[in-house]
Amino acid sequence: MSTTTSSVSLEDEIECHTGLLCALEADSSLLLPGQLRERLIALDDLDAGFGGSEDSTRCTYSRLHQRAKALRIRLEAANSELYQSVRSDIVRGGQPRALLQWLEDSATDNEPGSPLPGLGFDYRDELVSGVLQLPEPGAPTLQPSLEMVPYQPTPVRHVLHLIAAAAVAEDDVFVDLGSGLGHVPLLVSMVTGAQSLGVEVQAANVASARKCAQSLGLSRLQFIAQDARDADLSRGTMFYLYSPFKGSILADVLSALRRESMRRPIKICSLGPCTRIASNETWLKASALSDTGRITVFDSL
């Protein structure tokens with residue numbers, strides 16, 4: 001009885017995967033440049049259906065895996081061609097029209113005014129990652145303190161919200177404190193033309209960000225390997241904190257920013273738990289209801 005059940009289960013599984021694969025192979029539109037979202041969904045489906053190791057004893061299954069692998073290669077090649085086209089647009093200088101168009105077209109019906117909360121990623125992050133092609137950083141050379149938070153890139157939808165909510169302009173100096181691999185300064189500079197500075201304590205991450213900026217020909221970007229408490233903040237007009245540190249480090253950085261606000265008006269943009277701390281600062285006023293799951297923009301008083 002168990003043998004029959006196993007046989008039927010395997011046949012059903014093969015039939016299901018065969019149907020998925022045939023449908024994807026028959027859809028020639030997946031290879032068109034404008035079908036990035038659909039290609040990424042198809043690649044996810046292939047990973048879900050054929051991501052495991054194939055069983056060589058199942059000849060039918062082995063052939064399906066080979067076909068799935070060949071299709072995956074074609075889809076990834078189409079993505080690479082698109083990413084390289086967008087990179088070439090950026091290298092030529094001026095506003096990256098292709099990237100801006102892709103990001104504008106990517107807005108969903110669920111995001112009429114502000115992005116979905118939370119820290120999950122979507123296909124815009126795949127697009128930006130494919131365009132930036134950030135080199136893999138070397139091993140960390142500095143042991144982080146307990147008050148430093150492990151690096152995680154800001155989802156692209158939140159960066160776009162930051163740009164709009166803070167009204168980042170070309171004459172701004174945007175400073176990311178705890179910039180990691182530099183996704184936010186890179187995207188802000190590309191989209192707005194603003195001068196951007198990334199301050200990051202891990203030198204390996206800084207080296208990777210610098211190589212990316214150089215490969216794209218971006219000149220209004222600077223990345224420095226430095227503790228945010230020691231950084232020169234005197235030129236910044238906007239400062240970004242994706243909760244890169246907490247406790248006394250965050251308190252010291254906010255105190256330094258308060259001193260800067262006595263010399264000129266500044267904006268603080270935050271995401272994550274540090275938003276709650278910034279909300280308690282009497283010298284800051286949120287431009288909208290503060291939300292740890294979305295970008296909050298604070299104006300200095």
- Item | Using θ = phi - 60° and Karplus 6.51 cos²θ - 1.76 cosθ + 1.60, couplings along the stretch 167-177 (whole Hz; Gly, Pro as x) | 6, 4, 10, 4, 8, 7, 10, 9, 10, 9, 8
- Task: Report, in degrees rounded to the nearest 10, the 0 to 90 angle that the Cα long axis of helix 156-165 makes with the longest principal axis of the chain.
- Result: 30
- Message: Can you sort Phe223, Phe121 by solvent-accessible area, 1.4 Å probe, largest first?
- Response: Phe121, Phe223
- Additional length obtainable on full extension of the chain from Glu15 to Glu170, 0.36 nm per residue less Cα span: 50.2 nm
- Accessible surface of Lys69 in the full protein assembly, 1.4 angstrom probe, to the nearest 10 Å²? 130
- Note on the structure: Given a 1.4 Å probe, the accessible area of the stretch 221-301 per residue, as a whole number of Å², is 47
- Compute the separation of the alpha-carbon centres of the stretch 168-236 and the stretch 144-163 and state it in Å as a whole number. 13
- Cα coordinate range in the stretch 145-301, projected on the principal axes (Å, largest first): 42, 34, 30
- Item | All-pairs Cα distance distribution in the chain, expressed in whole percent, bin size 20 Å | 30, 48, 20, 3, 0
- Task: Ignoring everything but the protein chains, give the 1.4 Å probe accessible area of Cys212 in square angstrom, nearest 10.
- Result: 0
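Using helices alone, what [θ] at 222 nm do you get for the chain, with -39,500 (n - 2.57) per DSSP H run of 4 or more residues, divided over all residues and rounded to the nearest 500? List each step's numbers first, then the result.
Values: 10 runs with 146 residues, N = 301.
Counting only the DSSP helices, I get -16000 deg cm²/dmol.
Determine, for each peptide in 31-38, 95-102, the mean count of other beta carbons within 10 angstrom over its residues, then list the peptides with the highest first. Numbers along the way, then the final one.
Working: 31-38: 14.9, 95-102: 16.4.
The packing order, highest mean first, is 95-102, 31-38.
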- Relative to the longest principal axis of the chain, what angle (0 to 90°, nearest 10) does the C-alpha long axis of helix 247-261 take? 60
- Binned Cα-Cα distances of the stretch 112-224, short to long, each 5 Å bin given as a whole percent: 2, 12, 22, 24, 21, 13, 6, 1, 0
- For the stretch 164-222, compute Rh as the Kirkwood radius over C-alpha pairs and then the Stokes-Einstein diffusion coefficient at 25 °C and 0.890 mPa s; write the answer in µm²/s, rounded to an integer. 218
- Query: If ligands, DNA and RNA are left out, what is the accessible area of Thr282 with a 1.4 Å probe, given in Å² to the nearest 10?
  - Reply: 130
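The values are calculated or read from the model by the stated rules, or taken from the named source; none is laboratory data. Keep in mind it's a predicted model, so treat the numbers as computed, not measured. We place every Cβ from the backbone using ideal geometry, glycine too, and count neighbours over all the protein chains shown. Protein only, heavy atoms only, side chains kept; ligands, DNA and RNA dropped before computing areas. Shrake-Rupley method; radii C 1.70, N 1.55, O 1.52, S 1.80 Å.
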